[in-house]
């Protein structure tokens, strides 16, 4: 059996008497497109924080390609290929999208300290940055300052910065949050074009997007996993309808 690229075993976390994670066990194969759904307060973002090292679990393990990374600092997990999106609304407002992603590529390559002195000498980094922006349908606006991009494009630029780190697993916490409805579908179409070598786990409340773009869904309720399955299985699960889909999904 193939080793899951990302796995958690018995993750527990309490904040005082508040239980935010109870026995969380997930196993994501390489290239999977998983959605993490559930009511507000279910513990979805807490789980992402536990996986990325922003929050320490009280018990349990996190494994990346079979290796226990539970005690690694967040930056060390990024270097191993576990990457989440960054909030970029205030980052690099005066840089173009191409410059911002080139800087992120140079950071990964250990060249960020001097990249601005002789930009033409970093042609490979620029080419890589342009390929990433092309994948996410941002190439046409790559010379525009970040602050001038539409909000949906800014969210895609967050993902581009994450891709510059060469992730094996990409975690997206509500990538379409705040994005106008007509832009959110385009955003997910761009996300769907990400390399199939990369495993994607995303949190999203728009069930239409979830059911269109996820191959499997994990449903969380009250800090625990209620059920995992295909979109069809989840849509027809009475327990999920009772606690969540009755309010969030129509049709």
*Would you check if residue 179 is assigned to a loop (DSSP other than H, G, I, E, B), buried (at least 19 other Cβ atoms within 10 Å of the Cβ) and free of Cβ contacts under 8 Å to residues at least 60 places away in the same chain?*
yes
*Residues satisfying the stated conditions in the range 164-184, i.e. touching a strand residue (DSSP E or B) at 6+ places or on another chain (Cβ under 7 Å) and within 19 Å of residue 35 (Cβ to Cβ)*: 167, 168, 169, 170, 171, 172, 173, 174, 175
*From the list 24, 48, which residue is assigned to a strand (DSSP E or B) and closer than 30 Å to residue 208 by Cα?*
24
*Candidates 66, 110, 123, filtered to the one that is in the same structural domain as residue 20 (by TED's automatic domain parsing), modelled with pLDDT of 80 or more and more than 24 Å from residue 175 (Cα to Cα)*: 66
*From the list 131, 117, 155, 147, pick out the single residue that is out of contact with any strand residue (DSSP E or B) (no Cβ under 6 Å at 6 or more places or on another chain) and either in the same structural domain as residue 43 (by TED's automatic domain parsing) or modelled with pLDDT of 95 or more (or both).*
131
_Criterion first (farther than 24 Å from residue 10 by Cβ, surrounded by fewer than 20 Cβ atoms within 10 Å (Cβ to Cβ) and not assigned by TED's automatic domain parsing to the domain that holds residue 134) does residue 184 satisfy it?_
no
*From the list 243, 219, pick out the single residue that is touching a helix residue (DSSP H, G or I) at 6+ places or on another chain (Cβ under 8 Å) and in the same structural domain as residue 27 (by TED's automatic domain parsing).*
219
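The values are calculated or read from the model by the stated rules, or taken from the named source; none is laboratory data. Since the structure is predicted, the reported quantities are computational estimates derived from the model, not experimental observations. Glycine gets a Cβ as well: all are built from the backbone with ideal geometry, and neighbour counts include every protein chain shown.
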